[in-house]
Amino acid sequence: MRVLVPPPLHSYTGGVTRVEAEGATLAELLVDLDARYPGIRFRMIDEQDRVRPHIRLFVNAVLSPAMEQPLHASDEVQIICALSGG
Amino acid sequence: MSDVVLLVGTRKGAFLYHADARRATWRVDGPHHFGAEVHHMVMDPRDRKTILMAAKTGHLGPTVFRSTDFGKTWAEASQPPAFRKTASGDGPAVDHTFWLTPGPANETGVWWAGTSPPGLFRSEDGGATWTGNESFNEGLVPSLKEVIGPVPGGPIAHSILIDPRDPKRMFLGISTGGIFTSEDGGASWKPLNNGVAADFIPTPDPEVGHDPHCIVMHPAKPDRLYHQNHCGIYRLDRPATRWERIGKNMPTLIGDIGFPIVVHPRDPDTAWVVPMDGTTVWPRTSIDGKPAAYRTRDAGLTWERQDAGLPREHGWFTVLRQGMTADEGDPLGLYFGTTGGSIWMSGDEGESWRPIVSHLPTIFSVVAAGG
């Protein structure tokens, strides 16, 4: 499925915004994304599997309530760096 | 004298400043990882070309970058410092790596890292992968939860020191938490705070809970430790176990509060501090807006003010704990970076100062390589 990657993470995707990754859940998708772009997951998800404070994950433009949210091949996942400055 | 390079970590990226042979002009290389908060950047003295950088950004989690060609290219750690995942998922997470220390000369590839919240990590592959020190992270730190305080920027583990004669002997600081030492390479830890004031703790002479800001070990006399604390300047000459407050010999109107302390690499009796305002609401800036370094040449018995060339008034900056350094030159070169983004240099052991860099972001750390 399509994953939209924000600019702060473009160093992992070679500058590409729209990438592909697979997974039956959001958690699985992020593991697959990390396999394709090593290191990208830990910048978003901490070692206790919590989403970092300034990261938001949307599925089809709706804020995801949980990492176990089921995904479908037609879904679009958007990674957002939340507004955290002024 | 080999060429000096300053490794500078700032709130918005890292910079390398290369000196000419006379340390008269400086060539900038950077920014590296522009926009990242770089708390520490350290060269590996074992090969003099590897550099490790502790970095994070406002949005993203912490990581460590490694260069094996002195900053030409960087690779990210494949397993950055991270605490063990707990079954409940409510365990600590590294906010940022704060401190980097290369291992001893005979342990190629070994590095240690201190983090916020306080954690201790070790790498055996040059910084590519990191493993938590179980005794520290899961034994000592949880036992200190009542005294580890919310200092500005978050509580941190820092000043990781390794005795070059016996690498199993280690020292480090937790702000707040205190100074701790290990005789078995980090397998166990015990407090080393005897004699250190902790004015913010109502209990007299507490065993732990102190706030060491910066601890240094003299490279030629490793039994001599100095440290700048939230509550004074101290010296310890092992095997003694009680710190002596040498800051009481500072001028009364200046006091002995500050962040950094630097030793002369060839003279164990010589050290420098940069006092800051620790009165009233703790502005932590130069006292009265008149920045100065203070030097002792008798192990803290007396101190002399060194402010020639520094602003005479309205110099309201702070020098953070990793912000002062000495090179290896003769005469020694001294450097400090400010929260106002300037780097000041002395080529005559503090007798006079001159600005060599201006307009950087807030400077977290300045580390000299070579000289």
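The values are calculated or read from the model by the stated rules, or taken from the named source; none is laboratory data. From a predicted model like this one, the values you see are computed outputs, not experimental measurements. FYI the Cβ positions are ideal-geometry reconstructions off the backbone, even for glycines, and counts take in every protein chain you see.
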Residue pairs within 7 Å by beta carbon, gap of at least six or interchain, first lying in region A:26-39 and away from every other protein chain (no Cβ under 13 Å), second among the hydrophobic types (A, V, I, L, M, F, W, C) and surrounded by fewer than 18 Cβ atoms within 10 Å (Cβ to Cβ), listed first then second, are A:L26/A:M67
One residue from B:T241, B:T203, B:T270 being more than 16 Å from B:T181 (Cβ to Cβ) and over 21 Å from the mean Cα position of the chain (by Cα)
B:T203
Residue by residue through region A:10-39, note down the ones that are aromatic (F, W, Y) and within 15 Å of A:E76 (Cβ to Cβ).
none
Which number in (1) in contact (Cβ under 8 Å) with a residue 24 or more places away in the chain; (2) more than 21 Å from B:K168 (Cα to Cα) marks the one condition that B:N193 misses?
(2)
Of everything in region A:8-18, what is in contact (Cβ under 8 Å) with a residue 12 or more places away in the chain and either among the polar types (S, T, N, Q) or surrounded by fewer than 17 Cβ atoms within 10 Å (Cβ to Cβ) (or both)? Give them in sequence order.
A:T13, A:T17, A:R18
Report, by residue number, each residue of region B:56-92 that is small (G, A, S), touching a residue at least 12 places away in the same chain (Cβ under 8 Å) and within 18 Å of A:I55 (Cβ to Cβ).
B:G58, B:G61, B:A82
A:D49 - would you say it is acidic (D, E) and within 10 Å of chain B (Cβ to nearest Cβ)?
yes
Breaking point among (1) modelled with pLDDT of 95 or more; (2) within 11 Å of another protein chain (Cβ to nearest Cβ), for A:A82:
(1)
Just one of (1) free of Cβ contacts under 8 Å to residues at least 60 places away in the same chain; (2) at the interface with another protein chain (Cβ under 10 Å from one of its Cβ atoms); (3) in contact with a Leu (Cβ under 8 Å, 6 or more places away or on another chain); (4) not aromatic (F, W, Y) trips up A:E68, so point out which.
(2)
Looking at B:G195, B:G149, B:G154, B:G132 in this structure, which one is surrounded by fewer than 19 Cβ atoms within 10 Å (Cβ to Cβ) and more than 17 Å from B:F259 (Cβ to Cβ)?
B:G195
Restricting attention to region A:1-13, the residues that are away from chain B (no Cβ under 14 Å) and either over 11 Å from the mean Cα position of the chain (by Cα) or within 20 Å of B:T57 (Cβ to Cβ) (or both) number exactly 3
B:E107: passes all of (1) within 20 Å of the chain's Cα centre (by Cα); (2) over 16 Å from B:I179 (Cα atoms) but (1)
Check every one of the strands (runs of 3 or more DSSP E) wholly within chain A and list those with 1 or more residues that are out of contact with any strand residue (DSSP E or B) (no Cβ under 6 Å at 6 or more places or on another chain).
A:18-20, A:55-59, A:76-81
B:T115 closer than 28 Å to B:V262 by Cα, without any contact (Cβ under 8 Å) to a residue 60 or more places away in the chain, within 14 Å of chain A (Cβ to nearest Cβ) and of a type in the set (S, T, Y)
yes
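Are any of the residues in region B:344-356 under 21 Å from B:S159 (Cα atoms) and in contact with a strand residue (DSSP E or B) (Cβ under 6 Å, 6 or more places away or on another chain)? Even if it seems obvious, please write down each step before you answer.
To start, the set of residues in region B:344-356 that are under 21 Å from B:S159 (Cα atoms) comprises none.
Within region B:344-356 (the criterion being under 21 Å from B:S159 (Cα atoms) and in contact with a strand residue (DSSP E or B) (Cβ under 6 Å, 6 or more places away or on another chain)), the answer is no, since none of the residues qualifies.
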Can you pull out the residues in region B:293-315 that are assigned to a loop (DSSP other than H, G, I, E, B) and either farther than 15 Å from B:G255 by Cα or free of Cβ contacts under 8 Å to residues at least 24 places away in the same chain (or both)?
B:R297, B:D298, B:A299, B:D307, B:A308, B:G309, B:L310, B:P311, B:R312, B:E313, B:H314, B:G315
B:E76 being of a type in the set (D, E) and under 25 Å from B:G30 (Cβ atoms)
yes
